[in-house]
Amino acid sequence: MEDKKLIFSGIQPTGTFTLGNYIGAVRNWGPLQDQYNCIYCVVDMHAITVRQDPVKLRQNTMNSYALLMACGVDPEKSILFIQSHVKTHAELNWILCCNTQFGELSRMTQFKDKSQRHPDDVNAGLFTYPSLMAADILAYNADLVPVGIDQKQHLELARNIAQRFNQRYGDFFTLPEPYIQEIGAKVMSLQEPTKKMSKSDENPNACILILDDKDTIIRKFKRAVTDSDAEICYREGKDGINNLMTIYSTITGKDFAAIESEFAGKGYGDFKLAVGEAVADHLEPVRTEFARLSADKEYLKKCYTEGAEKALRYSQRIVSKVYRKVGFVDRT
Ligand code: TRP
């Protein structure tokens, strides 16, 4: 690979991404390929920290893989693979687990949230989730990790684990930096704009899925919750409008001032329709490309098989050195 900084990121195999996943993360993965060496993966091993239906998990993993490609990740430019295909992640995870403290893992807010939401299945994998995430990143000695704000704490832990390893065994791991975009980092629910947009929301109108058709997208935006004054401007307390402005801005490239003058004197109805149309039109090529790729299973398979081979080759060199450092006997 060329001498550029290395980016690593992963995404959960939810099958179809939300507009939040798209704007906050996946949309940027394509453009990053021109500036950096990029390694991206679908994290099916992370997914089983909560209960999954095996048939759906397999389907969702394949769909997520195809969707990343439809969103602009090019398997010729980047290494794009499925986490469980590359055994070094699990191998390094064990070593990192032995360098992670119980107390550190206990402080993770995602663990606290998820264990409250699934009190009947607080399994060890859910607890050690951040160690596997650290292994994903450190197995490649990645420099930069694009993540949403909600993953920042996990990334800080990954840095601490790397630092501790370096202190114990001698400098080895690169300390990964978060790469968090400012605007659009958090897309809010269309129904309760103080909450993050989430696929698991009970109200289907709260969340745009990037494979929703045009009519569905427009309908959901038309029903978006706003406020009782009638001014389209970005201001504290106007959570619904602020969220719509953020979405419109990231999709059209217009800044807030331009949006304010575009809609000066117009009503919320006009604005919501404009946002809905802009989003639907923007996502149209993603939907088309996803359909095309999904129909070509052979090609997808070729891509993920080659992706796994490249990822293994790359990470194997690093993990072998880690084995040596911790004192494991050379196998050959
Ligand atoms: N935990 C991340 C999420 O839920 C996904 C993830 C797994 C990841 N491994 C990673 C992100 C490594 C960045 C780097 O969003």
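Take region 225-261 and flag every residue that is closer than 18 Å to Ile23 by Cα and not in a helix (DSSP H, G or I).
Hits for region 225-261 are Gly253, Lys254, Asp255.
Mind listing whichever residues of region 76-94 are open to solvent by 10 Å² or more (accessible area, probe 1.4 Å) and of a type outside the set (Asp, Glu)?
Lys77, Ile79, Ser84, His85, Lys87, Ala90, Asn93, Trp94
Does Ala264 fit the bill of being small (Gly, Ala, Ser), surrounded by fewer than 20 Cβ atoms within 10 Å (Cβ to Cβ) and either at negative phi or outside any helix (DSSP H, G or I) (or both)?
Yes.
Is there any pair with a first residue in region 182-209 that is on the phi > 0 side of the Ramachandran plot and a second that is among the polar types (S, T, N, Q) and open to solvent by less than 50 Å² (accessible area, probe 1.4 Å) whose Cβ atoms are under 7 Å apart and which are 6 or more apart or on different chains, and what are they?
Short answer, once both residue conditions are applied: Gly184/Thr246; Gly184/Thr250.
Here's the yes/no breakdown for (1) of a type in the set (D, E, K, R); (2) open to solvent by 40 Å² or more (accessible area, probe 1.4 Å):
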site: Phe17; (1), (2): no, no
site: Tyr22; (1), (2): no, no
site: Ile39; (1), (2): no, no
site: Gln52; (1), (2): no, yes
site: Gln59; (1), (2): no, yes
site: Met69; (1), (2): no, no
site: Asp74; (1), (2): yes, yes
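For every residue, the table says whether it meets (1) assigned to a helix (DSSP H, G or I); (2) surrounded by fewer than 18 Cβ atoms within 10 Å (Cβ to Cβ).
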{"position": "Leu293", "(1), (2)": "yes, no"}
{"position": "Glu306", "(1), (2)": "yes, yes"}
{"position": "Tyr314", "(1), (2)": "yes, no"}
{"position": "Tyr323", "(1), (2)": "yes, yes"}
{"position": "Asp330", "(1), (2)": "no, yes"}
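Hey, can you tell me all the residues within region 174-191 that are open to solvent by 40 Å² or more (accessible area, probe 1.4 Å), assigned to a loop (DSSP other than H, G, I, E, B) and over 20 Å from Ile218 (Cβ atoms)?
Across region 174-191, the qualifying residues are Thr174, Leu175, Ile180, Gln181, Glu182, Ile183, Lys186.
What are the residues in region 146-168 that are more than 19 Å from the chain's Cα centre (by Cα) and surrounded by fewer than 20 Cβ atoms within 10 Å (Cβ to Cβ), if any?
Asn160, Gln163, Arg164, Asn166, Gln167, Arg168
Say we look at region 241-273 and pick out the residues that are among the basic types (Lys, Arg) and modelled with pLDDT of 95 or more; which of these is nearest to Pro193 (Cα to Cα)?
Residue satisfying both the conditions and the ranking: Lys272.
Mind counting the residues in region 54-111 that are in contact with a strand residue (DSSP E or B) (Cβ under 6 Å, 6 or more places away or on another chain) and closer than 26 Å to Val326 by Cβ?
3
Of (1) modelled with pLDDT under 95; (2) within 13 Å of the ligand (Cβ to nearest atom), Arg159 satisfies all except one. Which?
Every condition holds for Arg159 apart from (1).
On the given criteria, is Gly103 open to solvent by 10 Å² or more (accessible area, probe 1.4 Å), part of a helix (DSSP H, G or I) and more than 15 Å from the ligand (Cβ to nearest atom)?
yes
What residue, of Asp171, Asp113, Asp143, is within 13 Å of the ligand (Cβ to nearest atom), free of Cβ contacts under 8 Å to residues at least 12 places away in the same chain and open to solvent by 10 Å² or more (accessible area, probe 1.4 Å)?
From the options Asp171, Asp113, Asp143, the qualifying one is Asp113.
Could you identify the single residue in Asp239, Asp227 that is in contact with a helix residue (DSSP H, G or I) (Cβ under 7 Å, 6 or more places away or on another chain) and not aliphatic (A, V, I, L, M)?
Every option except Asp227 fails the conditions.
Is it true that some residue in region 11-29 is small (Gly, Ala, Ser) and either modelled with pLDDT of 95 or more or away from the ligand (no atom under 16 Å from the Cβ) (or both)?
The answer is no, given that none of the residues of region 11-29 is small (Gly, Ala, Ser) and either modelled with pLDDT of 95 or more or away from the ligand (no atom under 16 Å from the Cβ) (or both).
The values are calculated or read from the model by the stated rules, or taken from the named source; none is laboratory data. None of these values were measured; they are calculated from a predicted model. Glycine gets a Cβ as well: all are built from the backbone with ideal geometry, and neighbour counts include every protein chain shown. Note: areas computed on protein heavy atoms with side chains; ligands, DNA, RNA excluded. Shrake-Rupley method; radii C 1.70, N 1.55, O 1.52, S 1.80 Å.
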